[in-house]
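> Below is the structure I would like to discuss, written out as structure tokens.
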Amino acid sequence: MDSHSTTRNPVKAIDLDEHNELVAYLDGELDEASCERLEAQLLEDEALQKKLNELSKVWDMLDSLPNVTAAQDFTKSTMEMAIVSTKREITGNSGKRLLSVRILLLCAAMLLGVFASRWMQQDNDRMLVEDFEVIENLDLYRVGGSVEFLEELDEQGLFTRGQNRE
């Protein structure tokens, strides 16, 4: 036997499924078989009968209320308010998102600058090491006068290392 066909204690409240079934019954939404089953259950279940009577009174009160129609511009004004609200939400979120993107780009630019300056510094250091001999003998080169004169001396082998001068 299922729980719908058992006799209830009148003190016990009905569950949500039974409540929804009663509402559907009052609205005329139940199929014929469900309607017959519920009516048979109502004959045996006092708590279910009591709830049906309460809901029926509520339905009667709702029917006695005057019908109110919305103003013609109600839909338009409601949609306009929804659009304004949505725009505010989007603008608020995009403003925060834009700030986050700007901060992220600034950090990326700073990191790129640090790496670029280190790379350039390493390149300068490498050039200094490669030109160390020239720097070491810079005073001698200044005495020499011109580049052409130094080239002539180099052709004569005066700047060659490891050779004995004759």
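> Anything in segment 92-116 that is of a type in the set (S, T, N, Q) and either modelled with pLDDT under 75 or surrounded by fewer than 10 Cβ atoms within 10 Å (Cβ to Cβ) (or both)? List them, or say none.
Of everything in segment 92-116, those that are of a type in the set (S, T, N, Q) and either modelled with pLDDT under 75 or surrounded by fewer than 10 Cβ atoms within 10 Å (Cβ to Cβ) (or both) turn out to be 93, 94.
> For segment 20-55, give me the residue count where each residue is surrounded by fewer than 13 Cβ atoms within 10 Å (Cβ to Cβ) and either in contact with a strand residue (DSSP E or B) (Cβ under 7 Å, 6 or more places away or on another chain) or of a type outside the set (A, V, I, L, M, F, W, C) (or both).
Count: 10.
> Now a separate question. For segment 9-44, what are the residues that are in a loop (DSSP other than H, G, I, E, B) and at pLDDT 90 or above?
28, 29, 30, 31, listed by residue number.
> Does residue 64 count as modelled with pLDDT of 80 or more and polar (S, T, N, Q)?
Spelling it out, residue 64 is indeed modelled with pLDDT of 80 or more and polar (S, T, N, Q).
> Hey, another quick one. Suppose the filter is modelled with pLDDT of 70 or more and in a helix (DSSP H, G or I); does residue 158 pass it?
Numbers: modelled with pLDDT of 70 or more: yes; in a helix (DSSP H, G or I): no.
No.
The values are calculated or read from the model by the stated rules, or taken from the named source; none is laboratory data. Predicted model only: the values in this text are computed from it and were never measured. Using ideal geometry, Cβ is built from the backbone for each residue, glycine included, and neighbour counts are taken over all protein chains shown.
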